[in-house]
Amino acid sequence: LDTDAGIAEQAREIYLQAGRSHAMPPANVTHITDNERALLVAWFEEAGK
């Protein structure tokens, strides 16, 4: 996911895996916070409007 197009193509999976299920990143190796996850959810949901 190193281009805007790649991110857009995988937006639903990013939303599901990192925003909703917390499956990504594995073992939270990047220490993503709940606030950052909430931003991912908001980003995806706003894009769908």
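What does the charge count around Ala18 come to, taking other residues whose C-beta lies under 12 Å from its C-beta (Lys +1, Arg +1, Asp -1, Glu -1)?
0
What spacing in nm lies between the two simple spin-label points modelled at Gln10 and Trp43, each 7 Å away from Cα in the Cβ direction?
For the pair Gln10/Trp43, the computed spacing is 1.2 nm.
Calculate how steeply helix 34-47 sits against the longest principal axis of the alpha-carbon atoms of the chain, using the helix alpha-carbon long axis, and give the answer as 0 to 90 degrees to the nearest 10.
So the inclination is approximately 10 degrees.
Calculate I(q)/I(0) for the chain by the Debye formula, one identical point scatterer on each C-alpha and no solvent, and give its log10 at q = 0.25, 0.28, 0.30 Å⁻¹ to two decimals.
-0.97, -1.13, -1.20
Each value in this text was obtained by applying a stated rule to the coordinates, not by laboratory testing. Treat the numbers as computed from the prediction; the structure is a model and nothing was measured. Note that each Cβ is placed from the backbone with ideal geometry, even for glycine, and that neighbours are counted across all protein chains shown.
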